2 protein chains.
Amino acid sequence: MPKPEIHTMEELSAAIGVSRPTLSRYFQDPAKVSRSSVERIRRGLEKVDYTPNFFATRMNRKTTGMIGVIIPYLNDLFFTRLLESIERAAMKAGYTVITQCSHSDPEIEKRAAETFLSMSVDGAIVAPLGNHSDMRVYERLNARLPFVLMDSRPKPLTDVDFVGTDHVQSTGVITEYLCRVGSPPIFLAMPRVNFNALERENAYVAKMELLGFEPVVIGAEVVRQEWHFEAHGLAVLNDQFSKGRLLESSILCANDRVAIGALRAAAQHGLEPGALRRGGLRIAGHDDYPLCPYTTPALTTVAQNVAAIGQAAVDRLLEKCSAEKQSGNHAITLMDGVLKIRESA
Amino acid sequence: MPKPEIHTMEELSAAIGVSRPTLSRYFQDPAKVSRSSVERIRRGLEKVDYTPNFFATRMNRKTTGMIGVIIPYLNDLFFTRLLESIERAAMKAGYTVITQCSHSDPEIEKRAAETFLSMSVDGAIVAPLGNHSDMRVYERLNARLPFVLMDSRPKPLTDVDFVGTDHVQSTGVITEYLCRVGSPPIFLAMPRVNFNALERENAYVAKMELLGFEPVVIGAEVVRQEWHFEAHGLAVLNDQFSKGRLLESSILCANDRVAIGALRAAAQHGLEPGALRRGGLRIAGHDDYPLCPYTTPALTTVAQNVAAIGQAAVDRLLEKCSAEKQSGNHAITLMDGVLKIRESA
DNA sequence: GATTAATATTGACGCATGTAAAAAGCGTCT
DNA sequence: AGACGCTTTTTACATGCGTCAATATTAATC
């Protein structure tokens, strides 16, 4: 059934005998039009093939109904889960999400920000690339739009809203658990791709000192692997294990993907990390990556409350959108992590 | 340095003393403007803060420079890798990618398609949701835009370009390998969320019959878990193992995520699947999920050529975009899978 | 220095819609 | 019948830029 294609509201108006402004009001909100007209329009639309022109509609409204989201990396289930929760929250609020991935390239991140400005999105949520990023990009967005940073917080930036996990708390919880149940953990760092890397490392050190243990950090110097976290964890521990070191240690990995690499290293050396064996090898992670329950052994970790972070980011953004003018106060929302005790530690 | 904000080309024209049409040409292609003007404009732009309005620019051009991509599911590294390769290919060609995720909901998928039509994207690439999808959505897109289907191909649709893996070849290769090196494999199906599920199943059956073995398919009836593939694999094999069945079988899983669940089930029952133990338990997958090298044991699988699929989809789409009119011939591009022999089978 | 070609500017119109004000239609109540 | 309120239509203008034709300016050529 090839319905006749109609390209403008003008034509549509002629086709179904309703004035164009009425159609305009109908497409924005059918409730703004009388019952009888709604009926007439609805019946008319069934007979033709028409979609309002997105650009033309958005150009004149003060609001575009779009929010822009930038994430640094797609091939990471943590970010995809974050993105999913943002999309759900935004959809519920009637907003369209435009996602751009910076592919761990500051240039692309910058371009994405320009795209958002040029599309006059109502607001932007950004999970920063990390230490290679151009801070001016964030400052620029923050100055011109309702803007919320997410997941990882650049220290130089103040006056910016932020939503993320309280790493002092989350890393503290698992560090404390490991200390309580077995030998004090060593920290296997992740490549310093973003600010969380150092935050977690520092949180570990602080907690250890508080508990009266000596913090030990390994794997912080290697930066070759960038976002290849599993390879990083595997390489560092393979090196250690083959020198006969750390064979009976507790190892807290900076994130679960590093930990998955660590588990692999253990397996290759015939080691079986486990919670039950006091004094033996233990491996723990951070984030609660979706695959944690399926590794062997299942990975003990701290869950980030991804759903809450995404929801809070959207909530805060929309709050700023509806505020008359840029209010001066900036909020920092930190979510607690939840310990997930499984088998590996 | 808070540069003065300028919102229209008109203002910009007044600010730097160059006519508006010249600015328009400059922003489309600086080469269309004389050297001296380029210099003047460039210097002027450094002193003010201006970004052309995306909607206004795109509204009048015949081409928007955008391509729309729909994927069914975000929390799956296969799709994110596909998406990444598409984004890279599109970026190289100077196109902006607008991604929408259907979150395994036909309604959202439909809405995403409408969004693309309304934004008049130059073309659309869609990885179909699956058997719940409304085929008319694809037909509609195909009728009105340069359109390419990707990854999974709905049988009812003809006259549509498609790019994906040749599952007869890929599944055939690993089936043949498993038969050659050990006992003929059983097929652990995945939930029938898309058309690949059945294609692989059929390819397995055909190959087995060709080799003179009896095909056995399990796990096809369970549909509760939908996209929770790992949970599906785990549940089905836990059930089998605890009944003492399949303990020494070769098991070909419909995809790697199912296989990861299968590995977990094996571990829980103290089983160690492995390539070297003829006659013992073996587990293999399909796709070469990025985590395959890090599972214990490392998962033997068939790699889909994700990069090639993404590139081919974009190539084909742009080819259709530049073609004067809709040419009648439709291409089906199938990529070969590559066997990745690791430890598990 | 005059001629020619290339480039720039001006002005005008178009794109598909939002939006506001005024006029017209309709039903209800007195 | 007339006044009132609600909805719709009419009319007109606005949005920010693409694009074209005509004209003005500049540069290059001889």
Next item on the list: Taking H placed 1.01 Å from N in the peptide plane, check which residues at least 5 places from residue A:186 or on another chain put their amide H under 5 Å from its amide H.
Entry: A:250, A:251, A:252
Checklist line | Distances in nm from residue A:105 to the matching label points in the other copies, shortest first (labels 7 Å along Cα to Cβ) | finding: 3.3
Margin query: Which lysines, if any, have their Cα less than 27 Å from the Cα of residue B:340, not counting same-chain residues under 8 positions apart?
Written below: B:207
Item checked: Rounded D (µm²/s) - segment A:9-58, Kirkwood Rh over Cα pairs, Stokes-Einstein at 37 °C, 0.692 mPa s -> 300
Check: segment A:134-188 to segment A:228-251: how many Å between their Cα centroids?
Finding: 26
Next item on the list: Apply the Karplus parameterisation 6.51 cos²θ - 1.76 cosθ + 1.60, with θ equal to phi minus 60°, to every residue of segment A:87-99 and state each ³J(HN,Hα) to the nearest whole Hz, in sequence, with x for glycine and proline.
Entry: 4, 5, 5, 5, 4, 4, 8, x, 9, 9, 9, 10, 9
Next item on the list: Would you work out which of B:50, B:18, B:31 lies farthest towards the positive end of the dipole of segment B:9-58, given +1 charges on the beta-carbon of Lys and Arg and -1 on that of Asp and Glu, about the Cα centre?
Entry: B:31
Item checked: Phi-based couplings in Hz for segment B:77-82 (Karplus 6.51, -1.76, 1.60; Gly and Pro marked x) -> 5, 5, 5, 5, 5, 4
Note to self: Suppose each label sits 7 Å from its Cα in the direction of the beta carbon; what would the residue B:308-residue B:272 distance come out to in nanometres?
What the structure shows: 3.6
Check: For residue B:119, which sequence-distant residues (separation of 5 or more, or a different chain) have an amide H within less than 5 Å of its own amide H, given hydrogens modelled in the peptide plane?
Finding: A:54
Note to self: Measuring nothing but label to label, 7 Å from Cα along Cα→Cβ, what are residue A:338's distances to the other copies in nm, shortest first?
What the structure shows: 4.2
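Go through A:3/A:92; A:3/B:62; B:32/B:62; A:3/B:320; A:320/B:62; A:32/A:320 and tell me which ones have a Cα-Cα distance over 25 Å in this structure. Don't skip to the answer; put the middle values down first.
Details: A:3/A:92 31 Å; A:3/B:62 23 Å; B:32/B:62 18 Å; A:3/B:320 23 Å; A:320/B:62 36 Å; A:32/A:320 27 Å.
Listed pairs above 25 Å: A:3/A:92; A:320/B:62; A:32/A:320.
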Checklist line | Unit charges at the beta carbon, dipole of segment A:71-213: most positive-side option, A:135, A:197, A:184 | finding: A:184
Notebook entry, point to check: Taking the label point as lying 7 angstrom from Cα along the Cα-to-Cβ axis, what are the distances from residue A:274 to the corresponding position in the remaining copies, in ascending order and in nanometres?
Noted result: 1.8
Next item on the list: Return the distance in nm (one decimal) between the two label points of a simple spin-label model at residue B:239 and residue B:158, each offset 7 Å from Cα along Cα→Cβ.
Entry: 3.8
Next item on the list: Taking H placed 1.01 Å from N in the peptide plane, check which residues at least 5 places from residue A:340 or on another chain put their amide H under 5 Å from its amide H.
Entry: A:301, A:302, A:303
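Return the average number of partner chain Cβ atoms within 10 angstrom of each residue Cβ along peptide B:97-106. Walk me through the numbers before you get to the answer.
On the way: counts 3, 4, 7, 5, 6, 0, 4, 0, 0, 0.
Averaged over the peptide's residues, the number is 3.
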Check: So, with +1 on the Cβ of K and R and -1 on the Cβ of D and E, and no other charges, what is the size of the charge dipole of segment A:9-58 about its Cα centre, to the nearest 20 debye?
Finding: 200
Next item on the list: Classify segment A:167-303 as rounded, prolate or oblate, taking a ≥ b ≥ c as the square roots of the eigenvalues of its Cα gyration tensor: rounded when a/c is under 1.5, otherwise prolate if a/b is larger than b/c and oblate if not.
Entry: rounded
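For the protein assembly as shown, give the percent of accessible area contributed by carbon and sulfur heavy atoms, probe 1.4 Å, rounded to a whole number.
Details: 14660 of 28850 Å².
Carbon-and-sulfur percentage of accessible area, whole number: 51.
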Margin query: Residues of segment A:279-296 that become at least 20 Å² less accessible with every protein chain present than in their own chain isolated, using 1.4 Å: which are they?
Written below: A:291, A:294, A:296
Item checked: Helix-derived mean residue ellipticity, 222 nm - over the protein assembly as shown, DSSP H n ≥ 4, -39500 (n - 2.57), to 500 -> -14000 deg cm²/dmol
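Suppose every K and R has +1 on its Cβ and every D and E has -1 on its Cβ; what is the size of the dipole of chain A about the Cα centre, in Debye to the nearest 20? Could the numbers behind the result be given before it?
Working: 39 positive and 40 negative charges, 183 e Å.
Dipole size: approximately 880 debye.
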Check: For A:78-90, what's the mean count of beta carbons from other chains sitting within 10 Å of each residue's beta carbon?
Finding: 2
Check: Ignoring ligands, DNA and RNA, how much accessible area is buried between chains B and A, both sides summed, with a 1.4 Å probe, to the nearest 100 Å²?
Finding: 4700
Next item on the list: Tabulate in residue order the Karplus-calculated ³J(HN,Hα) for segment A:298-305, using 6.51 cos²θ - 1.76 cosθ + 1.60 with θ = phi - 60°, rounded to whole Hz; enter x for Gly and Pro.
Entry: 4, 7, 6, 7, 10, 7, 7, 7
Check: Can you tell me the accessible area per residue over segment A:9-58, all protein chains present, probe 1.4 angstrom, in square angstrom?
Finding: 58
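Could you compute the FRET efficiency for residue B:330 and residue A:8, with r as their C-beta to C-beta distance and R0 at 45 Å, rounded to 0.05? Working shown, then result.
On the way: r = 31 Å, r/R0 = 0.68.
Given R0 = 45 Å and the Cβ-Cβ separation, E is 0.90.
Taking every DSSP beta bridge with both residues inside chain A, roughly what % is antiparallel (nearest 5)?
Among the beta bridges of chain A, antiparallel pairing accounts for roughly 10 percent.
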Note to self: Need one word for chain A: rounded, prolate or oblate. Basis is the Cα gyration tensor (sqrt eigenvalues a ≥ b ≥ c); a/c below 1.5 gives rounded, then a/b vs b/c decides.
What the structure shows: prolate
Note to self: Given Cβ point charges of +1 (Lys, Arg) and -1 (Asp, Glu) and nothing else, what value in debye, to the nearest 20, does the dipole of the protein assembly as shown about its Cα centre take?
What the structure shows: 1140
Notebook entry, point to check: Once a ≥ b ≥ c are taken as the square roots of the eigenvalues of the Cα gyration tensor of the protein assembly as shown, is the result rounded (a/c under 1.5), prolate (a/b larger than b/c) or oblate (a/b not larger than b/c)?
Noted result: oblate
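Give me the net charge of residue B:255's neighbourhood, meaning all other residues with Cβ under 11 Å from the Cβ of residue B:255; Lys, Arg count +1, Asp, Glu -1.
Working: positive: B:200, B:257; negative: B:76, B:230, B:256, B:287, B:288.
Within the 11 Å Cβ shell, the charges total -3.
The values are calculated or read from the model by the stated rules, or taken from the named source; none is laboratory data. Small disclaimer: the values here were computed from a predicted structure and weren't measured. In this analysis, Cβ positions are derived from the backbone assuming ideal geometry, glycine residues included, and neighbour counts consider all displayed protein chains. Keep in mind that these areas ignore ligands, DNA and RNA; they rest on the heavy atoms of the full protein, side chains included. Shrake-Rupley method; radii C 1.70, N 1.55, O 1.52, S 1.80 Å.
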